[in-house]
Amino acid sequence: MASALRHASVERWSRGSSPLHRVDARAKLIALLVFLTAVATTSKHAPWIYAAFFVLLGSAIFLARLPVMAMLARAALVLPFSAVFAAMTWWAGDFPTAAVLVAKSFLSILAALTLAASTPWVRLLDALAFLRVPRPLLLVIQFLARYLFVVGNQVAHMRLAAQARGGIGKSSLSGFHAAAGAVGVLFARSWERADGIYKAMLARGFTGRFPAPQVAPFLARDVAFLCAAVFVTVAVRFAL
């Protein structure tokens, strides 16, 4: 439920109006790839560069008028996963590498989240198709994003029904068994709804491919943003 709500929040943010929202999705996607490459190749002996990267992301978040604390909280969800490997590295006696691993993970997910929160999902998919992302992978991404809402909606209905029956908040073994059974019911009902949606798509002429992307003209502001983003990222990576 929480993940579905977070996804819905990001989707709502992506429909906002800001200078970053108005930039072409292809420009933002290329800028993200350059940024991720710069972060991944930065040495562990230059920690100040990671601070500069964080300032760049903070500027992008401010430009997109996104809620800073909410963005940081969602990006922090990756930390428990990277912290496991960082702890193992720290235990082996290499603290700089452990700290850099956490920093790179956080910066990477925050950058990807900034792109998702400032770009409508349809435009992002069109940009991926324009950049020649393999069609099977693109199809999986499209279905995953759409069916996530199906699962989230079903969870919301089941949670409301459980609250009406007083089934939320139990910590006993019986409550655990009830929760485990609810997971099975969730997937069964989600499967039924997904199957119904797929049959409805077939009835409307779906042939296994979504419509071709609508290629919008690349405006001067898009070129300016892309050049500025790439220049600043490369300058931070090599000049600091």
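Only one of the listed residues (Ala76, Ala92) is farther than 20 Å from Ala224 by Cα, without any contact (Cβ under 8 Å) to a residue 40 or more places away in the chain and either touching a strand residue (DSSP E or B) at 6+ places or on another chain (Cβ under 9 Å) or exposed (fewer than 12 other Cβ atoms within 10 Å of the Cβ) (or both). That residue is Ala92. The requirement of being aliphatic (A, V, I, L, M) and either closer than 18 Å to Val232 by Cα or outside the structural domain of Phe231 (by TED's automatic domain parsing) (or both) is fulfilled nowhere in the stretch 80-93; no residue meets it. For the stretch 101-115, filtering for residues that are surrounded by fewer than 19 Cβ atoms within 10 Å (Cβ to Cβ) and of a type in the set (Gly, Ala, Ser) leaves 1. Could you look through the stretch 13-64, keep only residues that are basic (Lys, Arg) and at pLDDT 90 or above, and pick out the one that is surrounded by the most Cβ atoms within 10 Å (Cβ to Cβ)? Ranking the candidates gives Lys28 first. The listed residues are Ala25, Ala64, and the only one of them that is in contact (Cβ under 8 Å) with a residue 24 or more places away in the chain, closer than 13 Å to Ala111 by Cα and among the hydrophobic types (A, V, I, L, M, F, W, C) turns out to be Ala64.
The values are calculated or read from the model by the stated rules, or taken from the named source; none is laboratory data. In this text, all values refer to a predicted model and were calculated from it rather than measured experimentally. Note that each Cβ is placed from the backbone with ideal geometry, even for glycine, and that neighbours are counted across all protein chains shown.
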